Amino acid sequence: SAGRVIFSFRGNIWQVNEDGSNPRQLTRMDARDIKPRFSPDGQSIAFTSSRGGNPDVYIMPAVSGEPKRLTWHSGNDEVQYWTPDGKRILFSSARGPMAWDSPLYTVGIDGDLPIAIEMGSGAAGMFSQDGSMLAFNRTRYPDPKRHYKGSNNADVWVMNVRQNTFTQLTDLKLEEYKEAVHDANPMFGADGWIYYMSERDGTFNIWKVNPGVGPRG
């Protein structure tokens, strides 16, 4: 965001200029702070932290400051991305009536009650820049597991938010399920394509897909 990069290193959040200069540590906790995400305006950072006992959603000013806790569930809540208007955080969760197949949720930056997205199950995802689509995985990629092939692999799906319709974009041939691999952690690029990590060439690399076109390396 605006020439800055945020990342997690040894359980704390760091910020550095995109040329590698001026590294700054933003959090200092014995807890695990991971998955930092800049807000669309670059003024805030959402991240996942276990400082409350288990993973929950937090936000803080991008220049550093006191984090604010947004979720309080006893199960894991993990930050995915912001909504395009910067008013809510998209996160995965173990809450809900189906603990193993929970949908994705959003929570407001004021800490209101989380709202479930009407999508069945969701393990990772990101809204498009205009908010009209949601790219997601239904199945969680079990990092650091490698070389899994089978019916429980993570595939890339896209949800048309306005029409509430769903399209699977990877591993479409059911008869080839034994060769299906993980296509995980999809995110929208500024060009409108969905970028994701995949083992389809034998090791994890970055691929991209456009609805109706198919995967490309």
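The relative contact order of the stretch 151-217, computed from alpha carbon pairs under 8 Å that lie at least 6 residues apart in sequence, is 25 percent. Per residue, the convex hull spanned by the Cα atoms of the stretch 117-217 measures out at 98 cubic angstrom. Protein-only accessible surface at a 1.4 angstrom probe places the residues 162, 95 in the order 162, 95, largest first.
Positive end of the dipole of the chain (Cβ unit charges, origin at the Cα centre): among 9, 44, 103, the Cα lying farthest that way belongs to 9. In a fully extended conformation the segment linking residue 177 and residue 203 would gain 7.6 nm over its present Cα-Cα distance, using 0.36 nm per residue. Computed on the Cα atoms alone, the convex hull of the stretch 9-74 gives a volume of 84 cubic angstrom per residue.
Note on residue 116/residue 152: beta-carbon distance plugged into 1/(1 + (r/R0)^6) with R0 of 22 Å gives a FRET efficiency of 0.45.
Here the ratio of the Cα radius of gyration of the stretch 99-143 to 2.2 N^0.38 Å is 1.23.
Taking R0 as 45 Å, what's the FRET efficiency between residue 167 and residue 21 from their Cβ-Cβ distance, rounded to 0.05? Efficiency computed from Cβ-Cβ geometry: 0.60. Label zone (residue 41, point 7 Å along Cα-to-C-beta; backbone nitrogen cut-off 19 Å) within the stretch 97-133: 107-112, 129-131. Modelled spin-label separation between residue 32 and residue 145, with each label point placed 7 Å from Cα along the Cα-to-Cβ direction: 1.6 nm. With contacts taken as Cα pairs under 8 Å at a separation of at least 6 residues, the stretch 70-217 carries a relative contact order of 15 percent.
Placing a label point 7 Å from the Cα of residue 51 along the Cα-to-Cβ direction, the residues of the stretch 66-97 with a backbone N closer than 12 Å are 66-70. Could you sort out which of 35/149; 35/208; 87/208; 68/208 sit more than 24 Å apart by Cα distance in this structure? From 35/149; 35/208; 87/208; 68/208, over 24 Å: 35/149; 87/208; 68/208.
Here residue 151 sits with roughly 100 square angstrom of accessible surface, probe radius 1.4 Å. Counting only protein heavy atoms, what percent of the accessible surface of the chain is carbon or sulfur at a 1.4 Å probe? That share works out to 51 percent. Ligands, DNA and RNA excluded, the heavy atoms of residue 113 present near 150 Å² of accessible surface to a 1.4 Å solvent probe.
The values are calculated or read from the model by the stated rules, or taken from the named source; none is laboratory data. Only a predicted model underlies this, so the values are computations on that prediction, with no experimental measurement involved. FYI the Cβ positions are ideal-geometry reconstructions off the backbone, even for glycines, and counts take in every protein chain you see. Accessible surface is based on the protein model in full, side chains and every heavy atom, while ligands, DNA and RNA are left aside. Shrake-Rupley method; radii C 1.70, N 1.55, O 1.52, S 1.80 Å.
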